Amino acid sequence: MRYSAVLLDIAAGPMIGDAVVIAESAGRYVDEVGRPPGRCRIGVQMKTPAGGPFHSDVAAVVDQVAGWLSELGHAVDEASPVYPCDAVSAAMRALRGAKLVVDVEARLVELDRELRDDDLEPMTRQIYETGRAVGGAEVVRSYQGIERAASTIGAFFDAHDPVSYTHLRAHETVL
């Protein structure tokens, strides 16, 4: 855990030329290791992002952990962010394909040759061909869709803390 925190501290902060800069942390990650998390507002999700049920074994474990967290004094309720699954899937198909086209074509330039039938596995070839049909406007719409999805999902955290495994390590003997 401490090594991961040190790595995060080393990698934190912007690099020259970064298009997007994340606000700096109030402190060092390594100083957070082992620190009790305080009372967290935890939303427990009991269904998949698409709205389907979890496997009963998974649901039982999630319910058990939610009980433990509640016993530890955290505010726990059943809640899920709204996941715009269709929009995210469509955007990722376009972006994944467009990125693959750029990567494959860059490699072909290095090799100074055309794409051959056996260069790509069938699924990768399908993604590549789909990506070749993606236009610039679709790429922009895809990024806009991802941004809307992030905003929609992010609104969930107005009422719930972004709790991670790291936050809960202070209670690891109970969990």
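Quick note: the coordinates plus some simple rules give every number you see, no bench work behind them. Note that the structure is predicted; figures quoted are calculated from it, not measured. Positions of Cβ are generated from backbone atoms using ideal geometry, with glycine treated the same way; all protein chains shown enter the neighbour counts.
For segment 18-117, the share of alpha carbon pairs falling in successive 10 Å distance bins from zero is 11, 20, 24, 24, 13, 7, 0 percent.
Can you give the Kirkwood hydrodynamic radius for the chain, in Å, rounded to one decimal and based on Cα pairs? Across the chain, the inverse of the average 1/r is 20.2 Å. Here the Debye sum runs over all C-alpha atoms of segment 72-139 as equal scatterers in vacuum, and log10 of I(q)/I(0) at q = 0.25 Å⁻¹ comes out as -1.10.
Considering segment 42-92, its Cα convex hull presents a mean projected area of 4.0 nm². The mean sequence distance of close C-alpha pairs (under 8 Å, at least 6 residues apart), as a share of the length of the chain, puts its relative contact order at 30 percent. Restricting segment 66-140 to trypsin sites (Lys or Arg not before Pro) that sit in a DSSP loop and have at most 16 other Cβ atoms within 10 Å of their own Cβ leaves R113, R116. Extension gain, V33 to I153, is 40.5 nm, computed as 0.36 nm per intervening residue step minus the present C-alpha separation. When exposed loop sites are taken as GluC sites (Glu not before Pro) in a DSSP loop with at most 10 other Cβ atoms within 10 Å, the longest stretch of the chain clear of them is 25-113.
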